[in-house]
Amino acid sequence: MRYFAMIDGECRGPFEISELVAAGVTPHTFVWCKEMTDWQPAEEVADICRFWRRRLAGESDDNDAPAREAYSGQSQDFMSLSIGRGLIIGPDNDKILNPDKETERTPPPGGLIWAVLTTILCFPPTGFVAIYMFWLSAAEWKQSIQSPKVEDAERLRAASWNHSRLGRMWTGITFFLGLILYAFMMRYSI
């Protein structure tokens, strides 16, 4: 699909999705294509947002390397707006969600105590998943320390960080499901 963009007060294009960044399109730039009824900001067009998410996540082939480099040069505000991550998670948790190689050399943050507490007090079915994720994280970290191969150690450390992140997510899900369960119990017990 080819898009026209309103850049510096004039209509430019048509551009392929992969050409939009090089043309100067930002999330706030108005774009239009034949299937749209009116001009919309690029951040509200599903195809463009999907393309930006894939590029930011690094899910592209080697032919798209110039486009990925152009997107990676954008500001943190651009990335937060385009994928909504900054609005939900916040900038302080960025190291936990996207650890770099230096961060991965330290153990991931633990949360087993919180996982156990939410399992007991809130909603056991999902709480057991959180406990399992933290257990996997700790086991993989221990294996990474004992691994003689650097590649295996890096892979295990990355997996450990990922399971820690999943453990935090399932702990949150357990907590909120517990709140919902208690709300229903209070509502229908009166």
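Derivation of every value follows stated rules applied to the coordinates shown; laboratory data play no part. Since the model is a prediction, treat every value here as computed from it, not as a measurement. As a convention, Cβ positions derive from the backbone with ideal geometry for all residues, glycine included, and neighbour counts pool all protein chains shown.
Across the stretch 10-24, computed HN-Hα scalar couplings (Karplus, 6.51 cos²θ - 1.76 cosθ + 1.60, θ = phi - 60°) run 10, 7, 10, x, x, 10, 6, 4, 5, 9, 5, 5, 4, 7, x Hz from first to last residue, x flagging Gly and Pro. Working from label points 7 Å from Cα in the Cα-to-Cβ sense, the residue 155 to residue 186 distance is 4.9 nm. The simple spin-label model puts a point 7 Å past each Cα toward its Cβ; for residue 105 and residue 142 those points are separated by 2.5 nm.
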